[in-house]
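Engineer: Once you've had a glance at the structure underneath, I'll fire off some questions.
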Amino acid sequence: SQTIHQWPATLVQPVGSPLSLECTVEGTSNPNLYWYRQAAGRGLQLLFYSVGIGQISSEVPQNLSASRPQDRQFILSSKKLLLSDSGFYLCAWSRTGRRETQYFGPGTRLLVL
Amino acid sequence: QKEVEQNSGPLSVPEGAIASLNCTYSDRGSQSFFWYRQYSGKSPELIMFIYSNGDKEDGRFTAQLNKASQYVSLLIRDSQPSDSATYLCAVNPPGSGYALNFGKGTSLLVTP
């Protein structure tokens, strides 16, 4: 069976500090990978998705970036965090194909102070 | 802007009753529809997906899709207190690549 991991589970960071969130998937190969953010009172917003190593598509322009250095590893980064970056960050995976169901990891709760 | 609309609730139903959750979407060409359940502080978990018009049943859950009217609903039969959560509707519109557009969710409260 497939398993998706995210870490850290919670993070408190000062404004202007860097960020690195990691997501890994087990039990499947060549998955599609996604980063979402869920801010308080708002719906899930797709930030990035990847269909393969080194292939990143950005959905929303912002001060975040994503990388996929390995097939089952997806990293979300920022050089300088803003207060507005606070939220619940969710990694998801799906099998290849546009209609495939997306499955979410446990999430990282980020608070920027 | 591709919209997915849900009533935020809370929707309160007594234990054992049928809970009906509704979702409308703006992009008529959408073809894939998903319902997720999200407990407070947790990540969304898939309940059901539906691609074709009509009903799809899985245990106590039934998803209903009407593409002509652009709505999708989720019925929960014999509601239990453990069903209390926020239910998210997600739609994959055409031309959006792999993106899912999510509604903001409906909060369901099942009272004993």
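The values are calculated or read from the model by the stated rules, or taken from the named source; none is laboratory data. Everything numeric in this text was worked out from a predicted model, so none of it was measured. Neighbour counts run over all protein chains shown; Cβ positions are idealised from the backbone, glycine included. Each accessible area value is taken on the protein alone, full model and side chains, heavy atoms only, with ligands, DNA and RNA left out. Shrake-Rupley method; radii C 1.70, N 1.55, O 1.52, S 1.80 Å.
Engineer: Here is a list: B:Gln80, B:Gln70. Which entry is in contact (Cβ under 8 Å) with a residue 24 or more places away in the chain and open to solvent by 30 Å² or more (accessible area, probe 1.4 Å)? Steps first, answer last, please.
Structural biologist: Details: B:Gln70 fails: open to solvent by 30 Å² or more (accessible area, probe 1.4 Å).
Just a single option satisfies the conditions, and that option is B:Gln80.
Engineer: On the basis of being in a strand (DSSP E or B), of a type in the set (A, V, I, L, M, F, W, C), under 23 Å from B:Ser12 (Cα atoms) and in contact with a Ser or Thr (Cβ under 7 Å, 6 or more places away or on another chain), does B:Leu46 make the cut? Reasoning before the result, please.
Structural biologist: Working: in a strand (DSSP E or B): yes; of a type in the set (A, V, I, L, M, F, W, C): yes; under 23 Å from B:Ser12 (Cα atoms): yes; in contact with a Ser or Thr (Cβ under 7 Å, 6 or more places away or on another chain): yes.
Spelling it out, B:Leu46 is indeed in a strand (DSSP E or B), of a type in the set (A, V, I, L, M, F, W, C), under 23 Å from B:Ser12 (Cα atoms) and in contact with a Ser or Thr (Cβ under 7 Å, 6 or more places away or on another chain).
Engineer: Among the residues of the stretch B:37-59, are any more than 13 Å from chain A (Cβ to nearest Cβ) and either under 16 Å from B:Asn7 (Cα atoms) or surrounded by 14 or more Cβ atoms within 10 Å (Cβ to Cβ) (or both)?
Structural biologist: Yes, the conditions are met somewhere in the stretch B:37-59.
Engineer: Can you run down the residue pairs with Cβ atoms below 6 Å, 6 or more apart or on separate chains, where the first is in the stretch A:56-83 and within 15 Å of A:Asn30 (Cα to Cα) and the partner is of a type outside the set (A, V, I, L, M, F, W, C)?
Structural biologist: A:Ile56/A:Ser50; A:Arg68/A:Ser50; A:Arg72/A:Thr24; A:Gln73/A:Thr24; A:Phe74/A:Arg68
Engineer: Give the residues of the stretch B:5-36 that are in a strand (DSSP E or B), open to solvent by 30 Å² or more (accessible area, probe 1.4 Å) and closer than 12 Å to B:Gly103 by Cα, sorted by residue number. Spell out the reasoning first.
Structural biologist: If we filter the stretch B:5-36 for residues that are in a strand (DSSP E or B), which is where we start, we get B:5, B:11-14, B:19-25, B:32-36.
Filter once more, keeping what is open to solvent by 30 Å² or more (accessible area, probe 1.4 Å): B:5, B:11-12, B:14, B:20, B:22, B:24.
Residues satisfying the conditions are B:Glu5, B:Asn22, B:Thr24.
Engineer: Out of the residues in the stretch A:84-105 that are under 13 Å from A:Thr24 (Cα atoms) and open to solvent by 20 Å² or more (accessible area, probe 1.4 Å), which is nearest to the chain's Cα centre (by Cα)? Steps first, please.
Structural biologist: Of all residues in the stretch A:84-105, those under 13 Å from A:Thr24 (Cα atoms) come to A:90-94, A:103-105.
Narrowing further to those that are open to solvent by 20 Å² or more (accessible area, probe 1.4 Å): A:103-104.
Working: A:Tyr103: 12, A:Phe104: 10 Å.
Taking the candidates together, the pick is A:Phe104.
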